[in-house]
Amino acid sequence: MNPIVELIDVWKSYNGTQALRGLNLEVYRGEIFGLLGPNGAGKTTTLKIIVGLLKMDKGVVKVNGVDISEEPYEYKRLIGYVPETVSLPEYLTVEEFLIYSGKIREVSNEQIRERIGYFIRLFELEGKRKSLILSLSRGMRQKVAIASALIHDPDLLILDEPFIGIDPMGQHILKDLFNERIKDGKTVFVSTHMLDTAERLCNRVAIIHRGQNVASGDLRNLQQLSKSGENATLEEVFLKLTEEAEMQVVEGEKKKEDSLTY
Amino acid sequence: MRVNIILEVYKFKVKAFFGALRASKASLALLLVYTFGFIPSVVGFSMSITNAVRQGNANPELYAEFLTAIVSALILFVTLLTLRGYTVFEYEQNFIFTSPIQPREFLVASMFADFTASLIFVNPVFILYVIIVLSLNLEFHLALLMFLAILIFIFLLFFLKASLSLMKILYEGSLVNSIILTLAFIFLLPTLRLLIDFPLKFASLPYPSTFLAKILLNIIFNEEPQIFNLLGLIFYFSLGFLFFMFASGKNFFPLSRHTPFVSPFDTSMRMQTLKMRKSIKTFSRISLFFQLNLKSKSLLLFLMRKEIIRTMREGSLFAIILLYLIAALISISIRQASQTSSFFPLTLLVGIYSLIVPLMLVSNWRSSEFENLWIPLTSGVNIRTLVRSLLYDFVLISSAIPAVVMLILSIFSNNNPISSLILIISTSMIGCSVNLYVMMKFLGKKRRGTPALLIGWASLALSALLLAPIYLSIVVSVYLKLGDIVGNLLSIAMLIYSALIMKYFLGKMEKNMINIEI
């Protein structure tokens, strides 16, 4: 099966600081894929490169088999994206913003109307339909951003820390929504810090550390890989794998220093 | 009252206000630009005063009316400000109001902190004061008296502002509003005198502004100020002080409203966004009738509509309308004062404003939309359509409003508006293209930290350079009195030139937009 997202040896640096160091990743259709990693591991950078908000220094990113460096626009029609820090046009009402999101993705008027109604009901935003985004709470803004990312019914939904700021009921609705989508053969690609949520929600995860893919697969694969035992939680696996990766980096740096000293 | 507490709060507030000034060199540049920007006008103004005094052809009565009107306008402005009630910053509510400080102690510290902050903004007044004192060779005691009169008046304004704002939140109701609005109306009358010829002479009425104006004029003419005027000013100052003592005795802490802390020296994007949020709250109330809906036939028109909605709800559109109304009023005053029928000063003034408006529109777009750019950039929308919608909107707004003003004025003055309209449209096309292009150039990751002010200067310089041939040709055609045929041909050439420049920058902008990294 061809992956819907494929990253091959992707490198990215910011002012000399290496954020991604030859990252390899594969995400398949019909799965909820979780990107896990400690702060500064390169999760947000990875997602931003996939959606075209950042340019990589080196490597290949393919979405639905298309190299995004060669075809940087058309593939975006397949994608719905919600960033970690959601910034929305505060001068628009909720309804106006969703109309705007639909229009720029060339969704038909009829579908826009229908989907706005559906998401407003789903996220319990009926009373806020005509309110300015300025007046919404953080959680409500997050819901509106997710609705806008789904207005064109994309094949691939990419979300950076989607559960932050959302109440437990909202989180439950989201999880149900994601599960519904993968039943239809769509893909959900999330980056998250919430390991217990990832464990229950994701079919497969990748753990990245210092811009590299330390391990990927389902929980059982990761348990075997980390030799943590069958009953190990994702959190235990995550801690073990990231600690090992950190040790390798430290040892590598020590060897480098030693060779320079001699 | 505990002096040490007042001093601590005063120091804290001053540090908070000038914090951004200490942190950023750009803010310091902004302050220098502000101060130096006023020096030519201050010098010019002081020269006209000193020359009139020296030549002995000044009309003190007329001067008194004029100065009374200006000072009244200042009181009017302060009075209207009190309508929003006494506001504090969130940090004051959280950290100062939760300490055992007394309301009066906080108010006194605030007043002195506001006075310190205002010294920065009223520094042109002090420059004017020094020039007048030195050039007229005023006696020391008169110079000192003049200084004290100004100081007393400034504190009178502070007392008035604090007391009325406190009354507004302490006794919320229509009575306080009525009192404030009545006061505002009283102070509006002398100001109106500048525009409408009333039979009443306000300089002979006991306004606080009258007393100050007469004291200042007496001193400028090297005369001893009349005791009556001095007592009048002191009376109003005492009244203000008593009013302040009464209002500051009440516990207003639980009733005060907080506003976002926005330091005028902070040019960061975060601060601009805060300012923008404040504007949206105000202007969306009057512009929600114009909605973004599914009716637009093309994506370009839809995106243009969205941009117009943004400019309305953020207040930019109303600010521009106000700007041109002021331009029109100044032009009418100049025409009446110089008793000329020429349309040229008006054309030039509106032309200059048309150069500033694109900068204003583009700067507001940057503050408001930069953080939201991820939405179109990840949507796969045609970048060309996106850039075109922005540019066309800016050109439309920055040319339509002055064009309407110009057409109305030309009807009243019976002048041919064609060359003025061409100038406006050309300035708008070139100004908007250049400003948007330069702004997009500075949206790249490495250049994003550059303050909008400096980007603005770069844009203005480039726009002015590209507009020079147009202004030059208009000046030449006015002075050489070229015929209609040559004039029309010149207008067509100007429009083609502007359109070509716009097309060139449009292409460049598309490339820049694609490369924006967020």
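If you go through region A:1-29 and keep only what is part of a strand (DSSP E or B) and among the basic types (Lys, Arg), you end up with A:LYS12, A:ARG21. Scanning region B:281-301 for residues that are in contact (Cβ under 8 Å) with a residue 40 or more places away in the chain and within 10 Å of chain A (Cβ to nearest Cβ) yields a total of 1. If you go through region A:206-244 and keep only what is closer than 22 Å to A:VAL5 by Cβ and assigned to a helix (DSSP H, G or I), you end up with A:LEU219, A:ASN221, A:LEU222, A:LEU225, A:LEU234, A:PHE238, A:LEU241. Of all residues in region B:357-412, those satisfying the criterion of being within 14 Å of chain A (Cβ to nearest Cβ) and either of a type in the set (S, T, N, Q) or outside any helix (DSSP H, G or I) (or both) are B:ASN364, B:SER367, B:SER368, B:ASN372, B:LEU373, B:THR378, B:SER379, B:GLY380, B:VAL381, B:ASN382, B:THR385, B:SER389. Suppose we keep only residues that are among the polar types (S, T, N, Q) and within 30 Å of the chain's Cα centre (by Cα) within region B:107-145. Which one would you say is least open to solvent (accessible area, probe 1.4 Å)? For region B:107-145, the residue satisfying everything is B:SER110.
Summed over region A:1-13, residues that are over 17 Å from A:LYS55 (Cβ atoms) and open to solvent by 50 Å² or more (accessible area, probe 1.4 Å) total 2.
On the stretch given as region A:132-151, residues that are surrounded by fewer than 19 Cβ atoms within 10 Å (Cβ to Cβ), among the small types (Gly, Ala, Ser) and more than 10 Å from chain B (Cβ to nearest Cβ) total 2. Is it true that A:LYS62 is open to solvent by less than 40 Å² (accessible area, probe 1.4 Å), of a type in the set (Lys, Arg), away from every other protein chain (no Cβ under 12 Å) and on the phi < 0 side of the Ramachandran plot? Criteria not met by A:LYS62. A count restricted to region B:488-518 and to residues that are hydrophobic (A, V, I, L, M, F, W, C), assigned to a helix (DSSP H, G or I) and touching a residue at least 40 places away in the same chain (Cβ under 8 Å) stands at 10. Residues in region A:37-59 that are open to solvent by 40 Å² or more (accessible area, probe 1.4 Å), part of a loop (DSSP other than H, G, I, E, B) and within 8 Å of chain B (Cβ to nearest Cβ): A:LYS55 only. Number of residues in region B:390-418 that are crowded, with 22+ Cβ neighbours inside 10 Å and of a type in the set (Gly, Ala, Ser) equals 2. Scanning region A:72-84 for residues that are more than 7 Å from every other protein chain (Cβ to nearest Cβ) and in a strand (DSSP E or B) yields A:GLY80, A:VAL82.
Within region B:91-110, if we keep just the residues that are in a helix (DSSP H, G or I) and β-branched (Val, Ile, Thr), the residue that is farthest from B:ASN4 (Cα to Cα) turns out to be B:ILE96. Of everything listed in (1) within 11 Å of chain B (Cβ to nearest Cβ); (2) open to solvent by less than 10 Å² (accessible area, probe 1.4 Å), the single unmet condition for A:VAL94 is (1).
Looking only at residues of region B:419-445 that are more than 20 Å from B:VAL362 (Cβ to Cβ) and modelled with pLDDT under 80, we find that the one that is least open to solvent (accessible area, probe 1.4 Å) is B:SER420.
Comparison of A:SER87, A:SER101, A:SER69 shows that the only residue that is among the hydroxyl-bearing types (Ser, Thr, Tyr), away from every other protein chain (no Cβ under 11 Å) and either in contact (Cβ under 8 Å) with a residue 24 or more places away in the chain or not in a helix (DSSP H, G or I) (or both) is A:SER69. Taking the conditions exactly as written (of a type outside the set (A, V, I, L, M), under 14 Å from the mean Cα position of the chain (by Cα) and open to solvent by 10 Å² or more (accessible area, probe 1.4 Å)), does A:GLY16 satisfy them or not? No.
The values are calculated or read from the model by the stated rules, or taken from the named source; none is laboratory data. Keep in mind that what you see is a predicted model, and the values were worked out from it rather than measured. Glycine also receives a Cβ, built like all others from the backbone with ideal geometry; neighbour counts cover every protein chain displayed. When the accessible area is computed, the model is the full protein with side chains, heavy atoms only, and any ligands, DNA or RNA have been set aside. Shrake-Rupley method; radii C 1.70, N 1.55, O 1.52, S 1.80 Å.
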